[in-house]
Amino acid sequence: MAGVETDHRSGVSSDPPGLAVLASGTGSILGAILDAGLPVAVVLVDRPCRAEKLAADAGVPVEAVERAGFGPDFDRVAYTESVVAALGRHEVGTVAMAGFGTVLGAPLFAAFPDRVLNTHPSLLPSFKGWHAVRCALAAGVRVTGCTVHLATEAVDDGPILAQRAVEALPGDTEQTLHERIKAVERVLYPEAIRRFLEGSLR
Ligand code: GRF
């Protein structure tokens with residue numbers, strides 16, 4: 001890869017080594033990313049959550065960009081601009097969403113073109129959205145899984161980079177199935193991120 005280039009409009013370097021991880025939940029995927037020794041430059045959260053403590057324990061800076069609200073007046077573009085500004089305070093070249101509960105808008109994809117990754121608990125393009133595991137169970141599938149993909153403005157869309165199947169077992173609840181999927185995500189996502197940073201996963 002060529003040397004570091006700076007996008008002078010955003011002030012964000014297009015090729016620094018650092019990874020930003022965006023999380024909102026229990027942070028178990030973040031934990032796996034940290035355990036894998038990936039170069040996490042910052043963890044960004046949109047609400048108080050366990051991910052903050054995981055990051056702090058690992059000595060990784062945390063940016064808390066809390067949402068003002070969840071109602072219809074939520075200004076997604078302005079919020080995304082705040083996220084991009086917070087990431088700009090760190091050496092970030094790639095963004096990995098790991099259970100981030102806010103859909104981000106165009107400014108993120110403009111600042112990090114083709115450098116935003118996501119992991120989703122289904123075999124995309126099936127079962128997009130927040131209730132992927134519940135919907136897969138309701139559809140009666142025997143096999144579901146997880147997908148690592150390049151994120152785009154369209155939610156749970158964008159080129160697929162890696163997938164792994166997980167069997168739905170008789171008696172599975174949303175929680176038991178999601179836990180087994182997350183166990184696979186905790187292996188697949190760090191591997192995929194590492195290969196993406198090395199330039200060998202496209
Ligand atoms: C994962 O299943 C991820 O794919 C989804 O949210 C979950 C995050 O899990 N978007 P955790 O909070 O890291 O445990």
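Counting only strands (runs of 3 or more DSSP E) that sit completely within region 1-81, those holding 3 or more residues that are within 21 Å of residue 153 (Cα to Cα), at pLDDT 95 or above and touching a Gly at 6+ places or on another chain (Cβ under 9 Å) correspond to 19-23. Just one of the listed residues (168, 98) is in contact with a strand residue (DSSP E or B) (Cβ under 8 Å, 6 or more places away or on another chain), assigned by TED's automatic domain parsing to the domain that holds residue 51 and at pLDDT 95 or above, and it is 98. Picking from residues in region 117-141 that are small (Gly, Ala, Ser) and assigned to a loop (DSSP other than H, G, I, E, B), the one that is nearest to residue 28 (Cα to Cα) is 122. Filter region 90-149 down to the residues that are basic (Lys, Arg) and away from the ligand (no atom under 16 Å from the Cβ), then identify the one that is surrounded by the most Cβ atoms within 10 Å (Cβ to Cβ). The residue in question is 115. The residues on offer are 154, 183, and the sole one that is assigned to a loop (DSSP other than H, G, I, E, B) and loosely packed, with under 15 Cβ neighbours inside 10 Å is 154.
The values are calculated or read from the model by the stated rules, or taken from the named source; none is laboratory data. Because the structure is predicted, anything quoted here is derived from the model rather than measured. So basically every Cβ, Gly included, is an ideal-geometry build from the backbone, and we count neighbours across all protein chains shown.
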